[in-house]
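Engineer: Quick one: structure below, then a few questions.
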Amino acid sequence: MTMQFCQSRSAGRPCARELGHRGLHRHRTIMWADAGADGPRCPGSGSPGAPAPVLEGGFPGGRALCRECLGFVEVAHGHLIEHDSSDPSETEAETRRRRQWLNEHGW
């Protein structure tokens, strides 16, 4: 099973604790409370993007890799659509395919 990490970010740094943890968020030695967290919108929203090369089976299905959150995002008129920095509903299969894509194509 793939570990899911907390969705909170501070100045773009992701929390390194498990999803649903108690207490402060943490990234290395930096800690923050929910009140000091970034908004959920990814700063890569609206940046230029083009569909990524596909793996066997068609993944990522015409989506582009966001350089900020490393997720695959729909493209409209050559730009990434607005999206959140992380997707708590991402399935394990999607996570495995994204990992495979990054291993084969880099970032």
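The values are calculated or read from the model by the stated rules, or taken from the named source; none is laboratory data. Everything numeric in this text was worked out from a predicted model, so none of it was measured. Cβ atoms come from the backbone with ideal geometry, glycine included; neighbour counts cover every protein chain shown.
Engineer: Of the numbered conditions (1) part of a loop (DSSP other than H, G, I, E, B); (2) out of contact with any strand residue (DSSP E or B) (no Cβ under 6 Å at 6 or more places or on another chain); (3) outside the structural domain of E94 (by TED's automatic domain parsing); (4) free of Cβ contacts under 8 Å to residues at least 24 places away in the same chain, G62 fails exactly one; give the number of that condition.
Structural biologist: The number of the failed condition is (3).
Engineer: Evaluate the following for L70: is it within 10 Å of the chain's Cα centre (by Cα), at pLDDT 95 or above and either among the aromatic types (F, W, Y) or not assigned by TED's automatic domain parsing to the domain that holds G20 (or both)? Talk me through it step by step, then tell me what you get.
Structural biologist: Working: within 10 Å of the chain's Cα centre (by Cα): yes; at pLDDT 95 or above: no; either among the aromatic types (F, W, Y) or not assigned by TED's automatic domain parsing to the domain that holds G20 (or both): yes.
Spelling it out, it is not the case that L70 is within 10 Å of the chain's Cα centre (by Cα), at pLDDT 95 or above and either among the aromatic types (F, W, Y) or not assigned by TED's automatic domain parsing to the domain that holds G20 (or both).
Engineer: I've got another one for you. Go through the range 44-65 and give me each residue that's of a type in the set (G, A, S) and within 19 Å of the chain's Cα centre (by Cα).
Structural biologist: Across the range 44-65, the qualifying residues are G44, S45, G46, S47, G49, A50, A52, G61, G62, A64.
Engineer: Select from the range 9-26 the residues that are over 23 Å from R67 (Cβ atoms) and among the hydrophobic types (A, V, I, L, M, F, W, C) and write down the one among them that is farthest from the chain's Cα centre (by Cα).
Structural biologist: L24
Engineer: While we're here: Six or more apart or on different chains, Cβ under 8 Å: which pairs go from a residue in the range 95-107 that's at pLDDT below 90 to one that's among the β-branched types (V, I, T)? Could you list them?
Structural biologist: Cβ pairs passing all conditions: T95/T2.
Engineer: While we're on this one: Tell me, please, whether a residue that is outside any loop (DSSP other than H, G, I, E, B), surrounded by 13 or more Cβ atoms within 10 Å (Cβ to Cβ) and within 14 Å of the chain's Cα centre (by Cα) can be found in the range 30-43.
Structural biologist: The answer is no; no qualifying residue exists.
Engineer: Here's a follow-up. So in the range 2-29, with the set limited to residues that are touching a residue at least 12 places away in the same chain (Cβ under 8 Å) and on the phi > 0 side of the Ramachandran plot, which one is surrounded by the most Cβ atoms within 10 Å (Cβ to Cβ)? Lay out the reasoning, then the answer.
Structural biologist: Going through the range 2-29, the residues touching a residue at least 12 places away in the same chain (Cβ under 8 Å) turn out to be 2-21, 25, 27-28.
This time we only want the ones that are on the phi > 0 side of the Ramachandran plot, so: 11-12, 20, 28.
Values: A11: 10, G12: 12, G20: 8, R28: 7.
Checking each candidate, the answer is G12.
Engineer: Another question, then. Among the residues of the range 69-105, which ones are in a loop (DSSP other than H, G, I, E, B) and surrounded by fewer than 17 Cβ atoms within 10 Å (Cβ to Cβ)?
Structural biologist: Across the range 69-105, the qualifying residues are L70, E74, H77, G78, I81, E82, D87, P88, S89, E90, T91.
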